[in-house]
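The structure appears below as structure tokens.
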């Protein structure tokens, strides 16, 4: 799937932590859209892999870093 390869080439799998202190609203929205796009591709990649029995294309390492960053933004409790 070309979208998966492109997402890694564009660096969508890299989590930017912590966000810069002078980040504008536009930059924040762009960063969040990049994270969301990668997460959707990640889920779609895993879904296709399970349905077809093929190997997945996106590395789990990138997703783990994203997940840790997203979870740390929302405190539990």
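The values are calculated or read from the model by the stated rules, or taken from the named source; none is laboratory data. Keep in mind the model is a prediction, meaning the values are calculated, not measured. Virtual Cβ from ideal backbone geometry, glycine too; neighbours counted across all protein chains shown.
Residue 23 satisfies every condition listed in (1) surrounded by 12 or more Cβ atoms within 10 Å (Cβ to Cβ); (2) part of a loop (DSSP other than H, G, I, E, B); (3) touching a residue at least 40 places away in the same chain (Cβ under 8 Å) except (3). For region 47-61, filtered to residues that are in a helix (DSSP H, G or I) and more than 11 Å from residue 4 (Cβ to Cβ), the residue that is modelled with the lowest pLDDT is 61.
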